[in-house]
1. Just checking, which of Gly194, Gly205 is more than 25 Å from Gly123 (Cβ to Cβ), modelled with pLDDT of 95 or more and not assigned by TED's automatic domain parsing to the domain that holds Arg121?
2. Do we find that Pro14 is surrounded by fewer than 14 Cβ atoms within 10 Å (Cβ to Cβ) and assigned to a loop (DSSP other than H, G, I, E, B) in this structure?
3. Anything in region 74-97 that is under 30 Å from Pro55 (Cα atoms) and either surrounded by 15 or more Cβ atoms within 10 Å (Cβ to Cβ) or at pLDDT below 65 (or both)? List them, or say none.
4. Can you tell me which residue within region 211-223, out of those that are within 11 Å of ligand 2 (Cβ to nearest atom) and outside any loop (DSSP other than H, G, I, E, B), is nearest to the chain's Cα centre (by Cα)?
5. For region 224-257, give me each residue that is within 8 Å of ligand 2 (Cβ to nearest atom) and touching a residue at least 40 places away in the same chain (Cβ under 8 Å).
6. Inside region 250-270, can you point out the residues that are in contact with a Gly (Cβ under 8 Å, 6 or more places away or on another chain) and assigned to a loop (DSSP other than H, G, I, E, B)?
7. Quick test for you: out of Gly194, Gly262, pick the one residue that is more than 16 Å from ligand 2 (Cβ to nearest atom) and surrounded by fewer than 16 Cβ atoms within 10 Å (Cβ to Cβ).
Amino acid sequence: TSIKQAMYFKDANPAVDTTIIYSDLRTPGNGEDFYRSAQEKGVIFTKGKVAEVVPNGATSTVKFNDLILGDTDASILDVDLVVLATGQVPNSGINIDAPTGAEEEGAVQVKPISILNLTYRQGKDVPQLKQGFTDSHFICFPYETRRTGIYTAGPVRRPMDIAQAREDATGAALKSIQALENAELGRAAHPRSGDLSFPKVRLEGCTQCKRCTVECPFGAIDEDEKRFPVFNESRCRRCGTCMGACPVRVISFENYSVNTVGAQIKAVDMPDEFSEKPRILILACENDAYPALDMAGMSRNEYSAFVRIIPIRCLGSVNTIWITDALNAGYDGVMLMGCKSGDEYQCHFVKGSELGRVRMSKIDDT
Ligand code: SF4
Ligand code: SF4
């Protein structure tokens, strides 16, 4: 908006001196061309922080800290008009991961107003990223939120102009059509699109510990009045995080379970203690790590023949018993291979690598 308004002035009268003092220049995509055309028209861009506007008769003096030149006492004299541009403040919901009462310094404060009013135990709205935008996997599947069947588009998701928002909405609409078709057939949504398997729980073994309910990244598990887990099929993405979380291993899928992966781990002819060592087991996430290993293979990169790789749905699905199985089978070490965890996570299932790391840090208790 600031650039547009500055251009209006320049179009009306090219002799008008127009300066934009900015802290962050947000001109993504085609906005970069817009920014350049403003420069060509003579709009001046100065990175700085305005300290004070001092009235001076019919004009004003704008004092600011010039962040490029490091001049803390910079000023623009005889300004006829000062416009304070207000930035967009996203309000996409509630940051369910934020520790309460410990707001980050300088973070955008978002009013927790829900327009969705969802019936998830984690909150009434879709989770947001720390900048206040709706959480989504911004590289692989940008429209998906952690609430299955809800797709965000346009500036709800990230800053963008109207043309980009229109295109974005088309993508989100296509995703929602796909989700409806999948739900009708009982199939999983992205990224295990088409998967007909579903987590089953053997309730007689359940200790009502609530780990599955708490760790499910998609809020797909509720509790009944006796505090047993109740799985919601249409919300579930089939990541297996609940299976990895369950300490008594009573959650399984028809085609993926603690036992099926355990059997793969154990099905090795381990050499003698002192020959052909060390033997390493890699549990590789099928979404990122395993394709990366495939690409390494296609590039003719070699890795040690002592390494055995088993693809898994997500590092969040790693049950610590698999580590015990591997060590009992004679492996010398186990490596979990997945995407980077943290703020800029790109986990297909939100926090698989983070959960894997936390579980491994407590492996001594297993
Ligand atoms: S498979 Fe994943 S999404 Fe489904 S209930 Fe388990 S943890 Fe939740
Ligand atoms: S993690 Fe396992 S034991 Fe705990 S509530 Fe879920 S199903 Fe029951």
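The values are calculated or read from the model by the stated rules, or taken from the named source; none is laboratory data. Bear in mind that the values here come from a model prediction, so they are computed numbers and not experimental data. All Cβ positions, glycine included, derive from the backbone under ideal geometry; neighbour counts span all protein chains shown.
1. Going through Gly194, Gly205 in turn, the sole match is Gly205.
2. yes
3. Ala74, Ile76, Val79
4. Once the filter is applied, the top-ranked residue is Glu215.
5. Within region 224-257, Cys242, Ala245, Cys246, Pro247, Val248, Arg249, Val250, Ile251 qualify.
6. Val250, Val268, Met270
7. Among Gly194, Gly262, only Gly194 is more than 16 Å from ligand 2 (Cβ to nearest atom) and surrounded by fewer than 16 Cβ atoms within 10 Å (Cβ to Cβ).
To keep it simple, each residue is scored yes or no on (1) modelled with pLDDT of 85 or more; (2) assigned by TED's automatic domain parsing to the domain that holds Arg157.
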{"residue": "Ile20", "(1), (2)": "yes, no"}
{"residue": "Asp24", "(1), (2)": "no, no"}
{"residue": "Thr27", "(1), (2)": "no, no"}
{"residue": "Asn56", "(1), (2)": "yes, no"}
{"residue": "Thr59", "(1), (2)": "yes, no"}
{"residue": "Thr72", "(1), (2)": "yes, no"}
{"residue": "Pro99", "(1), (2)": "no, yes"}
